[in-house]
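S.K.: First, the structure itself, so that you have it in front of you.
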Amino acid sequence: MRAVVLEEHGGLDKLNYVEDFPDPVAGEGDVVLRVRATSLNYHDIFTRRGMPGIRIPMPIIMGIDVAGEIVEVGPGVSDWKVGDRVLVDPINREEGGLMGETVNGGLAELCRARAHQLVRIPDGISFEQAAALPVAYGTALRMMTTIGQVSAGEKVLILGASGGVGICCVQLAKIAGAYVIACAGTPEKGERLKEFGADEIVLYTEVDFATEVKARHGKPRVGRAAKNAGVDVVVNYTGGDTWVPSLKVLRKGGRVLTCGATAGYNPQEDIRYIWTFELQIRGSNGWDREDIEELFKLVESGKLKAHVDRVFPLADAVEAFRVLEERKVVGKLVVTP
């Protein structure tokens, strides 16, 4: 089968498009999918570069989010049949492991998955939409609702708003009735974010985002003057140099929601803001299977849009990664065989 294969950690040059990778075979409890869509995530970039403490079997086919049709059912599988349209929950919650990292993922024509990881795709949702959901949208849903408890009337500042997670965070905040301040790198991305419901845009390439937010919404204070100063929530999964400025724009009792650190996991800290303003730091890790099912309901209802920016053929997957790494995307990038 055709596949994009990583044989060693490094740059984009370590990804190889091959036409004769061995086809997967369904074992006990397995199915084999004809892949129809795979979305790219920053986690794939980290996998390619190599992550401290995580061993990746080589060669590996990346691609965490996989949607397709079942073409083979292994022994012991009774709930699924050939032709079923399915999405793979990337996390193997029974045996451990992650699609596209510990086992071969979706950047190929065929993909083997455990039957217990499958989620049926509703008829009204395309393969491309389904593939956009698990990692980015599932992570956003858990962070914004289960952990973050974003509610009506709150002011929510979202960093990295134009990516897959960010686009979903903007939409979920609006569904909850919040006022959304979205950070974008270009005016064009800002206009796109307004289409998804953002009430304000901060162009972080032109202004210091923390200074701008305080100018617009007040400098956080304690005491009686604190009532309307600052924002209620900052969504920050970038880390790095943005971490301390995020603390400085929060009102007393405000909270930071984080699910990652794309700009650095070991930022400078200033805990004075945490105790002075009684801030809450809430971490969120991944998603539950129920989150994927809830996302399908939200997309079916029209409340949430699974936004796919561009679709690339499998042969151009390396170029898709380049676009993602250079942040030339609003929403999700999808690869189709």
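S.K.: Give me the number: length gained by fully extending ARG327 to ALA315, i.e. 0.36 nm times residue separation minus the C-alpha to C-alpha distance, one decimal in nm.
M.R.: Computed gain between ARG327 and ALA315 is 2.3 nm.
S.K.: Using a 1.4 Å probe on the protein chains only, how many percent of the accessible area of the stretch 1-74 belongs to carbon and sulfur?
M.R.: Carbon and sulfur atoms account for 49 percent of the accessible area of the stretch 1-74.
S.K.: Using a 1.4 Å probe over the heavy atoms of the protein chains, calculate the carbon and sulfur portion of the accessible area of the stretch 147-300 as a whole percent.
M.R.: Carbon and sulfur atoms account for 47 percent of the accessible area of the stretch 147-300.
S.K.: Can you list the chymotrypsin sites (Phe, Trp or Tyr not before Pro) in the stretch 236-337 that are in a DSSP coil and have 12 or fewer other beta carbons within 10 angstrom?
M.R.: TYR265
S.K.: 222 nm [θ] for the chain, helices only, -39500 (n - 2.57) per DSSP H run of 4+, per residue, to 500?
M.R.: Helices in the chain give a 222 nm mean residue ellipticity of -6500 deg cm²/dmol.
S.K.: What list of ³J(HN,Hα) values in whole Hz, one per residue of the stretch 166-180 in order, does the Karplus curve 6.51 cos²θ - 1.76 cosθ + 1.60 (θ = phi - 60°) give from phi, with Gly and Pro shown as x?
M.R.: x, 4, 5, 4, 4, 5, 5, 5, 5, 4, 6, x, 7, 9, 10
S.K.: Taking the Cα centre of each part, how many Å lie between the stretch 90-166 and the stretch 284-321?
M.R.: Using only Cα atoms to place each centre, the spacing works out to 6 Å.
S.K.: Among 140-151, 197-208, how do they line up by average Cβ neighbours within 10 Å per residue, starting with the highest?
M.R.: Going by the mean number of other Cβ atoms within 10 Å, highest first, we get 140-151, 197-208.
S.K.: Computed from the coordinates I sent, Rg and Dmax of the Cα atoms in Å equals one of (i) 36.8, 133; (ii) 20.3, 60; (iii) 20.6, 69. Tell me the label.
M.R.: Answer label, from the structure shown: (iii).
S.K.: Given a 1.4 angstrom probe, what's the average accessible area per residue across the stretch 1-76, in square angstrom?
M.R.: That works out to 44 Å² per residue.
S.K.: Under 5 Å between amide hydrogens, which residues at least 5 positions from LEU250 or on another chain qualify, with H placed 1.01 Å from N in the peptide plane?
M.R.: Hits under the 5 Å cutoff: VAL231.
S.K.: How large is ³J(HN,Hα), in whole Hz, for each residue of the stretch 279-289 in order, when computed from phi with the Karplus curve 6.51 cos²θ - 1.76 cosθ + 1.60 and θ = phi - 60°, using x for Gly and Pro?
M.R.: For the stretch 279-289, the Karplus curve yields 7, 10, 10, 10, x, 10, 10, x, 7, 9, 4 Hz.
S.K.: Let me ask something else. Taking loop as defined by DSSP and a crowding limit of 16 other beta carbons within 10 Å, which GluC sites (Glu not before Pro) in the stretch 253-337 fit?
M.R.: Those that pass, being in a loop and sparsely packed, are GLU269, GLU278, GLU326.
S.K.: Applying the Karplus parametrisation 6.51 cos²θ - 1.76 cosθ + 1.60 with θ = phi - 60° to the phi angles of the stretch 191-202, what ³J(HN,Hα) value in whole Hz is obtained for each residue in order, glycine and proline being reported as x?
M.R.: Per-residue couplings from phi come out as 5, 5, 5, 5, 5, 8, x, 4, 7, 9, 10, 10 Hz.
S.K.: For an R0 of 51 angstrom, estimate the FRET efficiency from the Cβ-Cβ distance between ASP123 and ASP208 and round to the nearest 0.05.
M.R.: The pair ASP123/ASP208 has a calculated efficiency of 0.60.
S.K.: Within the stretch 1-88, which trypsin sites (Lys or Arg not before Pro) sit in a loop by DSSP and count at most 11 neighbouring Cβ atoms inside 10 Å?
M.R.: ARG55, LYS81
S.K.: Continuing with the same structure: Under a 1.4 Å probe, what is the accessible area of the stretch 83-173 per residue, stated in Å²?
M.R.: Computed with neighbouring chains in place, this is 29 Å² per residue.
S.K.: Please list, in chain and number order, the residues 5+ apart from GLY105 or on another chain whose amide H is under 5 Å from its amide H, with Hs placed from the backbone.
M.R.: ILE61, MET62, GLY100
S.K.: Find the accessible area per residue for the stretch 188-301; the probe is 1.4 Å, ligands and nucleic acids are left out, and the unit is Å².
M.R.: 54
S.K.: Counting only C-alpha contacts under 8 Å and six or more residues apart, can you give the relative contact order of the chain as a whole percent?
M.R.: 18
S.K.: Taking amide H positions as placed in the peptide plane 1.01 Å from N, state which residues far from TYR179 in sequence (5 or more) or on other chains have amide H under 5 Å from it.
M.R.: Residues meeting the amide H criterion: GLY153, GLU154, LYS155, VAL156.
S.K.: In units of 2.2 N^0.38 Å, what is the alpha-carbon radius of gyration of the stretch 71-223?
M.R.: Dividing the Cα radius of gyration by 2.2 N^0.38 Å gives 1.34.
The values are calculated or read from the model by the stated rules, or taken from the named source; none is laboratory data. The shown structure was predicted, so the numbers you read here are calculated from the model rather than taken from an experiment. Every residue, glycine as well, gets a Cβ built from its backbone with ideal geometry; the counts of neighbours run over all protein chains shown. Calculation scope for accessible area: heavy atoms of the full protein, side chains included, ligands and nucleic acids excluded. Shrake-Rupley method; radii C 1.70, N 1.55, O 1.52, S 1.80 Å.
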